[in-house]
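Read through the structure below, which is laid out as structure tokens, and then see the notes.
The values are calculated or read from the model by the stated rules, or taken from the named source; none is laboratory data. A quick note: this is a predicted structure, and the numbers were derived from the prediction, not measured. A quick note on method: Cβ atoms are made from the backbone with ideal geometry, for glycine too, and the neighbour counts reach across all protein chains shown.
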Amino acid sequence: MTETIRWTAAETASAIADGKVTAVEVAQAHLDRIEAVDAKVHAFLHVDADGALAAAKAVDDARARGDRLGPLAGVPLALKDVFTTKGVPTTCGSKMLDGWKPPYDATLTRRLKDAGVVILGKTNMDEFAMGSSTENSAYGPTGNPWDPSRVPGGSGGGSAAAIASFQAPLAIGTDTGGSIRQPAALTGTVGVKPTYGGVSRYGLVAFSSSLDQGGPCARTVLDAALLHEAIAGHDPLDSTSIDAPVPNVVEAARSGSVKGLRIGVVKEFAGEGYQAGVLARFAEAVELLRELGAEIVEISCPNFTYAMPAYYLIAPSEASSNLARFDAMRYGLRVGDDGEHSAEEVMSLTREAGFGAEVKRRIMLGTYALSSGYYDAYYGQAQKVRTLITRDFEAAFGQVDVLVSPTTPTTAFPIGERADDPMAMYLADLCTIPSNLAGNAAMSLPCGLADEDGLPVGLQIIAPAMADDRLYRVGAAVEAAYLSRWGAPLLDRAPAL
Amino acid sequence: MSTTSLMSYEDALETYDPVMGLEVHVELGTATKMFCGCSTEFGAEPNSQVCPTCLGMPGALPVVNAVAVESAIRIGLALNCNIAEWCRFARKNYFYPDMPKNFQTSQYDEPIAFEGYLDVQVEGKTWRVEIERAHMEEDTGKSLHMGGATGRIHGADYSLLDYNRCGIPLIEIVTKPIEGAGELAPLVAKAYVAELRELIRALGVSEARMELGQMRCDANLSLRPKGREKFGTRSETKNVNSLRSVERAIRFEIQRHATVLTDGGTIVQETRHFHEDDGSTTAGRIKEEAEDYRYFPEPDLVPVAPSREWVEELRATLPELPSLRRARLQAEWGVNDFEMQSMVNAGVLDVILATIDAGAHADAARKWWLGELSRRANERGVEVATLPITAAQVARVAALVESGELNDKLARQVIDGVLAGEGEPDAVVEARGLKVVSDDSALGAAVDEAIAANAGIADKIRGGKVQAVGALVGAVMKTTRGQADAARVRELILERLGVS
């Protein structure tokens, strides 16, 4: 069954639908792969073998009954541990939620189950999605399948590593400042941050409510589109969910083309801090787009310079409030409940023991930024910057159909290298943050390996809000061109684990 | 501070000018909670009306209850407020175990309704209480502190949490500072809360029963020396939960502040608890610095933007407002201001109207509810409207009195029976044998006996002093334990004495 795990999601679904393989066989092959390699990668925090096999069997039973199967029926998936799963542990990479089994499914979880997707387990992440390396997980870091001594990016390092190491063909991530796209870039996979409001946040444990967005992780653009379609769409349980038809992303992924498109290169995304090999691969990608028939336009988005500071005020502010609920009263960790301590002390002791350093740092930042007397200077000012960035995008999309940039300034860095330097870590999200602040859609897909270290480089495509289909149209064209240039998918060049 | 060492109310008002601010929370009577589909029914098993959203479970999200928004707008309109064209919810951040998210979803600088007023009657004069704002928010859960003597958290062995109330929609109505009321301040406060309660009930958005916590008042008070403009330091007396308590709490705080200030002390800005038993307040949490709630716009909700068309539609559905209805009824019934105000304060207008609808004369309906039944309610410490007697039952008692089958004394006994759960008025009359005796044969012996025992009086009557008959009627009533038909007794006595 070694071939099975290398199939795309689309291939897997049609093999199951055609009866060439059963969903249970597919699930088992992936569970075996997890068993074989995850000790080296540590992509999963929790593997739900029984649940996966039962879900797979349900798909096989449905097929035996002659039911029509959906486009992802029986396809295994790795779910970021930030979405609630009824009765299955959900930790968000934090000790705070160690052992918590949610009493309800997230809307996204529900939709995956309804689509017949087989959830293999929950993937590792930076604690409460705060980080860019997955080193902030309370359960230990995840290794990059290209080199396990390096980070897979973050916060969704587990999801990206799971698909890059063929433990699952599909995964779900969440992107608050780049947590889907940056790990995709570092692992040579495809990751999409849908338009804010495109995928329900009900059951997504909030980091920063106005920025968080769930989205697909896959090895191909088409697979990402199939997953995108399965999870997107209006949800009455999420007030910020968009009540409009989902852009036809699957159709776009099947008809990739950039002919006649105007594509903008954001000139602010270059310069100091960018690795030479990343800039070289990006320049080639721009050249490729031109060869494929796109018109390349240089675009300036002057306010993007302020995206990082604005982000590090808005996200921690919302986080300081969102994470207040972890107080030991109703679920999760409880420390100091010995009859000697008051409720207030128990709350305090629990939060001291349960949160890691980065989470505490952001709670303090956010608490400060929202404080009386500082609100206008910090949170208020950051919201103004947010408006300016949104206007920069509007102006840019007045001139071009999509924007492109490197996804992240460098390739995968060694585990531990930036662990003590938050500012260096924060720079990993320089190119991805503006889209979170503006709420538009963006994708990262592989554009080669950097010469100096042989590690994957990501190309970011940015589309206006509600034009997610453009990502897939452009992405599919780029992917096809690279495939013919390279002769094989980039991941085939990753060393064996 | 004991009540005995306080400066007298009159002395306090000699020197100081009170300024009040009233914050009233009203629980809306919507079927479901503010941000989730859980039931709001009162009195259910603890923690049986909860879901991931109102328990603040990780990942759960709020969705605004449209009926609550509608109710908020109607309240705003009835209070002569402007209705925001666009407003947001905000998070009020603080830690407390009965608030699952450790923030309350409320409104901050963008309330749904603002800048209004409510006119209230105090001692025959109209007072305009200006409204600063009315905003929407969610209620918290309830903490029950067990094992201590006071029921407060200090000294308790452990606490129980009930989240059924958590997320019930609240409207908080905040007045602007109420200045210049002087010695009438406590009455203005009481009249304002009473009027607001009438208004809320007339709108049908809440039963506003204070004893159930459906309407709760926080009373802010400060004093300033007469003639000075700058406000003094205020205290905030929390959860003052009856009309009478509102009046008493303000009165106590005026005396307390005056005593402290006159002694050269300073008033501490703090919250205070009101004690129903002796009408005093004691210090609660001290606000050492202005509490920092770190308000920011709620990112999980989209702004509320009621269209002007909708607002006008809602304005058109407003019922006759209580002040207008009162003016109409006062004219119809021909009662004076004082009597009208008594009915309002007792909260009996609706039951009186229902009793009239059930067939009673207006006079009789007013008499029973404002007199006997109000007295019973006071004895029980409940609101009159909640007594276990219906308007129809009161109407029936009135009808029995009207027809002469009961006199007032017997009618009171019938009401006793109904309140004691003995059934309908007729059943109580039957069971307790309370019919007025007007049968001549039954009364004859008692009349003869009274005449024989009071020969002197009888002679006077025979001699033409007919007004003396009252003494003999009284004697007969006494021997018949009040059940005799007094009018018939009078006739019989005069007949026997050959006067008629």
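Points worth noting:
- Among residues of the range A:258-282 being within 21 Å of A:M423 (Cβ to Cβ) and more than 24 Å from the chain's Cα centre (by Cα), the one that is surrounded by the most Cβ atoms within 10 Å (Cβ to Cβ) is A:G271.
- For the range A:76-89, filtered to residues that are within 17 Å of the chain's Cα centre (by Cα) and outside any strand (DSSP E or B), the residue that is surrounded by the fewest Cβ atoms within 10 Å (Cβ to Cβ) is A:T84.
- A:D420 being surrounded by fewer than 24 Cβ atoms within 10 Å (Cβ to Cβ) and modelled with pLDDT of 95 or more: no
- Residue-level check: of (1) assigned to a helix (DSSP H, G or I); (2) under 21 Å from B:E132 (Cα atoms); (3) out of contact with any Lys or Arg (no Cβ under 9 Å at 6 or more places or on another chain), B:E183 misses just (2).
- Per-region count, the range B:46-79, residues more than 9 Å from every other protein chain (Cβ to nearest Cβ), surrounded by fewer than 20 Cβ atoms within 10 Å (Cβ to Cβ) and free of Cβ contacts under 8 Å to residues at least 60 places away in the same chain: 2
- Taking the range A:310-354 as the range and being outside any helix (DSSP H, G or I) and among the aliphatic types (A, V, I, L, M) as the test, the residues that pass are A:A328, A:M329, A:L333, A:V335.
- The single condition among (1) touching a helix residue (DSSP H, G or I) at 6+ places or on another chain (Cβ under 6 Å); (2) within 25 Å of B:S280 (Cβ to Cβ); (3) among the hydroxyl-bearing types (S, T, Y) that B:Y192 does not meet is (1).
- Criterion: surrounded by 19 or more Cβ atoms within 10 Å (Cβ to Cβ), modelled with pLDDT of 85 or more, farther than 23 Å from B:G371 by Cβ and touching a strand residue (DSSP E or B) at 6+ places or on another chain (Cβ under 8 Å) - qualifying residue of B:V447, B:V489, B:V476: B:V476
- On inspection, B:E41 fails the criterion of being in the same structural domain as B:A181 (by TED's automatic domain parsing) and closer than 23 Å to B:I267 by Cβ.
- Options A:D126, A:D175, A:D105: the member that is touching a residue at least 12 places away in the same chain (Cβ under 8 Å), within 14 Å of another protein chain (Cβ to nearest Cβ) and of a type in the set (D, E): A:D105
- Looking only at residues of the range A:326-347 that are at the interface with chain B (Cβ under 9 Å from one of its Cβ atoms) and small (G, A, S), we find that the one that is farthest from the chain's Cα centre (by Cα) is A:G339.
Okay, residues lined up against (1) within 14 Å of another protein chain (Cβ to nearest Cβ); (2) over 20 Å from A:R325 (Cα atoms); (3) outside any strand (DSSP E or B); (4) touching a Lys or Arg at 6+ places or on another chain (Cβ under 8 Å):
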{"residue": "B:D98", "(1), (2), (3), (4)": "yes, no, yes, yes"}
{"residue": "B:T105", "(1), (2), (3), (4)": "yes, no, no, yes"}
{"residue": "B:D109", "(1), (2), (3), (4)": "yes, yes, yes, no"}
{"residue": "B:D119", "(1), (2), (3), (4)": "no, yes, no, yes"}
{"residue": "B:R128", "(1), (2), (3), (4)": "no, yes, no, no"}
{"residue": "B:H145", "(1), (2), (3), (4)": "yes, yes, no, yes"}
{"residue": "B:G155", "(1), (2), (3), (4)": "yes, yes, yes, no"}
{"residue": "B:L170", "(1), (2), (3), (4)": "no, yes, no, no"}
{"residue": "B:K190", "(1), (2), (3), (4)": "no, yes, yes, yes"}
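- Lone qualifier among B:E14, B:E23 - being out of contact with any strand residue (DSSP E or B) (no Cβ under 6 Å at 6 or more places or on another chain) and surrounded by fewer than 19 Cβ atoms within 10 Å (Cβ to Cβ): B:E14
- Counting only residues that are within 25 Å of A:N303 (Cα to Cα) and charged (D, E, K, R), the range A:422-456 holds 1 of them.
- Residue list for the range A:364-417, restricted to those being within 14 Å of chain B (Cβ to nearest Cβ) and in contact with a strand residue (DSSP E or B) (Cβ under 7 Å, 6 or more places away or on another chain): A:L370, A:Y379
Residues are listed down the side, and each one gets a yes or a no for (1) farther than 24 Å from A:S210 by Cα; (2) in a loop (DSSP other than H, G, I, E, B); (3) of a type in the set (S, T, N, Q):
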site: A:A224; (1), (2), (3): no, no, no
site: A:A230; (1), (2), (3): no, no, no
site: A:L237; (1), (2), (3): no, yes, no
site: A:I242; (1), (2), (3): no, yes, no
site: A:A252; (1), (2), (3): yes, no, no
site: A:I263; (1), (2), (3): yes, no, no
site: A:G273; (1), (2), (3): yes, yes, no
site: A:L288; (1), (2), (3): yes, no, no
site: A:I296; (1), (2), (3): yes, no, no
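- Any chance A:A185 is touching a Lys or Arg at 6+ places or on another chain (Cβ under 9 Å) and either part of a strand (DSSP E or B) or crowded, with 24+ Cβ neighbours inside 10 Å (or both): no
- Matching residues in the range A:103-133 - criterion: being part of a strand (DSSP E or B), within 20 Å of A:A225 (Cβ to Cβ) and touching a Ser or Thr at 6+ places or on another chain (Cβ under 8 Å): A:I119
- Residue list for the range A:309-325, restricted to those being more than 8 Å from chain B (Cβ to nearest Cβ) and buried (at least 18 other Cβ atoms within 10 Å of the Cβ): A:A310, A:Y311, A:Y312, A:L313, A:I314, A:A315, A:P316, A:A319, A:N322, A:L323
- Among (1) surrounded by 22 or more Cβ atoms within 10 Å (Cβ to Cβ); (2) without any contact (Cβ under 8 Å) to a residue 60 or more places away in the chain; (3) farther than 30 Å from B:P58 by Cβ, the one test that A:T12 misses: (2)
- Comparison of A:D32, A:D38 shows that the only residue that is buried (at least 21 other Cβ atoms within 10 Å of the Cβ) and under 30 Å from A:V151 (Cβ atoms) is A:D38.
- Test: residue in the range B:454-464 that is β-branched (V, I, T), surrounded by 13 or more Cβ atoms within 10 Å (Cβ to Cβ), over 30 Å from B:A362 (Cβ atoms) and in contact with a Leu (Cβ under 9 Å, 6 or more places away or on another chain): yes
- Helices (runs of 4 or more DSSP H) lying entirely in the range B:286-346 (those with 3 or more residues that are of a type outside the set (F, W, Y) and within 22 Å of the chain's Cα centre (by Cα)): B:322-333, B:337-346
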